Amino acid sequence: MYFFYFDESGSRDPKAVETLADGTQSPKEHIYSLTAVGLFEGRWRRFDREIANLKLELSDHLNRTRKERLDLADCEVKSNWIRNPKERADKSPFLNALSEADRERLVACFFRQIPAQHMTLFSVVVDERKLRDHMTHETLHKKAYELLLERIEHFMAEYHPKHHALIVMDDTDRALNRAVSMKHAFFQREGNQNVHFNHLVEYPFFTDSKLSNGVQLADLCAYNVYRAFKTKNFAYPYFQELLPAFYKRQQGQKLDGLKVFPEDSELVGFARQGWEEFQKQNPAPGGVSEAV
């Protein structure tokens, strides 16, 4: 069994511009990323224990020095709270009480698990400037989910054909959860025009992100993907650290785990060029360079 932890970054609002009171139009947030982190079940305990032990160490220190009693559910890590002091102060007494060095240590512990536990990354980036008018926040999310499942199915069929894939997602919106579950069930029965899904297990498992270090890691990764595409900086250091972990087929060096949608987005070319530059600077032994 493989666990695939999902999380998102950016806005689900498919409208990339808004009309102001004076009739002029103003650009809005236009990048949405949905990211998955794949973990073999046999490595889950080591992954979870490494992070939980550090959280407990830090919370125990806060208890001894500041008399703040926190349990693991109070020690959630979110990218927004790490980056935004106001959000951190408002929503995370744990992260807010930590020193900058301890916050960095905690985030580094999360990212260290990716190579240590042989985790695999997948991400779909949606350029909302290129979406059709009928797209809603729900259909946008379901489309990104479908494209991400395609990549996971290819990965499972190629590398782990005897295993199954369990999707784990943050429980944020009951209506959206139901819509995604129905889409998931349809794919299991019928597949789509590109893939027959043979490795998906039942329905997605929705959990509170407070209780899942896997979902928290997916949140951190999703932001790094979002940031690289929002700023059009493929060399964004935290994103580049993730690139070796993205799914790639055994033949060639194409970055199969990263998908830009729609196909006519300028970000497709941006990603291809960025990946080619990354390969030139980090050549794989005996590898053949291919575009994204």
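The values are calculated or read from the model by the stated rules, or taken from the named source; none is laboratory data. Fair warning: this is a prediction, and the values are worked out from it, not measured in the lab. In this analysis, Cβ positions are derived from the backbone assuming ideal geometry, glycine residues included, and neighbour counts consider all displayed protein chains.
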Among the residues of region 198-213, write down those that are out of contact with any strand residue (DSSP E or B) (no Cβ under 9 Å at 6 or more places or on another chain) and surrounded by 14 or more Cβ atoms within 10 Å (Cβ to Cβ). 210
Note: among 172, 231, just one is among the hydroxyl-bearing types (Ser, Thr, Tyr) and more than 20 Å from residue 138 (Cβ to Cβ), namely 231
Which residues, counting only those in region 53-95, are of a type in the set (A, V, I, L, M, F, W, C), buried (at least 16 other Cβ atoms within 10 Å of the Cβ) and under 22 Å from residue 7 (Cα atoms)? 75, 77, 81, 82, 94, 95
What number of residues in region 144-201 are within 20 Å of residue 212 (Cα to Cα) and either aromatic (Phe, Trp, Tyr) or modelled with pLDDT under 90 (or both)? 5
Residue 12: passes all of (1) more than 20 Å from the chain's Cα centre (by Cα); (2) in contact (Cβ under 8 Å) with a residue 60 or more places away in the chain but (1)
Return the only residue of 118, 141, 154, 160 being touching a residue at least 40 places away in the same chain (Cβ under 8 Å), touching an Asp or Glu at 6+ places or on another chain (Cβ under 9 Å), of a type outside the set (Asp, Glu) and surrounded by fewer than 20 Cβ atoms within 10 Å (Cβ to Cβ). 154
Within region 78-91, which residues are basic (Lys, Arg) and either modelled with pLDDT under 95 or outside any loop (DSSP other than H, G, I, E, B) (or both)? 83, 86, 88, 91
Flagged in region 208-241 as closer than 21 Å to residue 261 by Cβ and not in a helix (DSSP H, G or I), in numbering order, are 231, 232, 233, 234, 236
List the residue pairs whose Cβ atoms are under 7 Å apart, where the first residue sits in region 195-208 and is under 16 Å from residue 182 (Cα atoms), the second is in a loop (DSSP other than H, G, I, E, B) and of a type outside the set (Ser, Thr, Tyr), and the two are 6 or more positions apart or on different chains. 197/191; 201/164; 206/171
Please tell me if residue 26 is in contact with a Cys (Cβ under 9 Å, 6 or more places away or on another chain) and either in a strand (DSSP E or B) or at pLDDT 90 or above (or both). no
Region 76-100: number of residues that are touching a residue at least 40 places away in the same chain (Cβ under 8 Å) and farther than 21 Å from residue 221 by Cα: 1
Mind listing just one residue for me: the one in region 257-284 that is within 18 Å of the chain's Cα centre (by Cα) and not in a helix (DSSP H, G or I) and, of those, farthest from residue 230 (Cα to Cα)? 257
Go through region 92-124 residue by residue and tally those that are part of a helix (DSSP H, G or I), of a type in the set (A, V, I, L, M, F, W, C) and within 17 Å of residue 213 (Cα to Cα). 10
Checking residue 126 against (1) under 30 Å from residue 60 (Cβ atoms); (2) surrounded by 15 or more Cβ atoms within 10 Å (Cβ to Cβ), the condition it does not meet: (1)
